[in-house]
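Undergrad: Questions regarding the structure given below will be posed in turn.
Taken together, the values in this text are just the output of simple stated rules run on the coordinates, not laboratory data. None of the values given here were measured: they were computed from a predicted structure. No Cβ is skipped: glycine too gets one built from the backbone with ideal geometry, and neighbour counts run over all protein chains shown.
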Amino acid sequence: MTVPVIPAKAEVTVHPDGSQSVRVHVDVLDLVNRFGIEEARKITGLNIALPPNS
Amino acid sequence: MASGVYNEFKGDVLKKVHDLVNDTVKVALLTSSAAFDADNDNWADISSNEVSGTGYSAGGATLGSKTVTVDNTNDRASFDGADTTWSTSTITARFAAVYDDTHASDRLICLFDFGSNQTSSNGDFTIAWHANGILLLT
């Protein structure tokens with residue numbers, strides 16, 4: 001299973017001493033290829049149903 | 001480029017190869033030279049592209065607070081762990097690989113693509129796992 005790359009939601013913080021921290025938010029991977037259903041629901045606002053017996 | 005779950009791990013789940021709660025699970029960072037290939041089996045298959053840098057040890061960090069949760073409301077189960085942080089590090093990474101370090105061959109579980117290089121400079125490099133976990137079985 002592969003899934004499209006969703007642009008990383010990375011929070012980059014540059015500190016006063018010049019150092020830089022990064023916090024990378026990744027999306028959950030669905031083991032049986034249902035990845036993206038919840039994101040799709042959020043994006044479309046629709047209650048997208050999973051196929052039967054999924 | 002893409003994120004994904006390795007095929008061998010899918011088979012492993014059906015053959016009770018892993019105990020994700022009790023096994024040592026590692027999170028390793030990879031450079032942009034890596035690529036997701038679902039046919040890869042073991043950490044050694046991709047470790048040549050592991051990052052190096054201040055605050056980062058070869059093989060990656062141990063995933064803490066691992067849980068497997070059954071969700072009867074949404075009819076699914078999830079695997080989750082604490083956010084992973086390399087403190088006071090100087091790292092540039094494009095991917096994070098998750099693998100079972102207890103397995104004799106360090107079996108790969110999944111790979112996350114950040115979409116672009118992410119960099120810490122004498123600061124924290126943190127992977128914030130999704131609220132729904134690292135993996136879902138639906």
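Undergrad: From Cα coordinates alone, what are the radius of gyration and Dmax values for region B:74-138 in angstrom?
TA: 13.8, 43
Undergrad: With only Lys, Arg, Asp and Glu charged, each at its Cβ (+1 for the first two, -1 for the last two), find how big the charge dipole of chain B is about the Cα centre; round to the nearest 20 debye. If you can, show how the numbers build up before the last one.
TA: Numbers: 8 positive and 18 negative charges, 29 e Å.
Its charge dipole is roughly 140 debye.
Undergrad: Quick query: amide H of B:VAL25 versus all other amide H atoms, modeled in the peptide plane; which residues come in under 5 Å with a sequence gap of 5 or more or a different chain?
TA: B:LEU63, B:ASP101
Undergrad: Calculate, axis by axis, the spread of Cα positions in chain B along the three principal axes, and write the results as whole Å, longest axis first.
TA: Projected onto the principal axes, the Cα atoms of chain B cover 43, 29, 26 Å.
Undergrad: Another question, then. Tell me which residues come under 5 Å, amide H to amide H, from B:ASP83 once H is placed; ignore anything under 5 positions away on its chain.
TA: Close amide H contacts, sequence-distant or interchain: B:TRP129.
Undergrad: Still on this structure, please answer the following. How much length is gained on full extension from B:ALA44 to B:THR73, taking 0.36 nm per residue of separation minus their Cα-Cα distance?
TA: Gain on extension, B:ALA44 to B:THR73, equals 6.6 nm.
Undergrad: Say each of B:THR54 and A:ASP17 gets a label point 7 Å from the Cα, pointing the same way as Cα to Cβ; how far apart are those two points in nm?
TA: 1.0 nm
Undergrad: To continue, here is another question. Using the 10 angstrom Cβ neighbour count as an exposure proxy, how do B:ILE127, B:ILE109 rank, fewest first?
TA: Fewest-to-most Cβ neighbours within 10 Å comes out as B:ILE127, B:ILE109.
Undergrad: Regarding region B:1-57, what is the average projected area of its C-alpha convex hull, in nm²?
TA: 4.8 nm²
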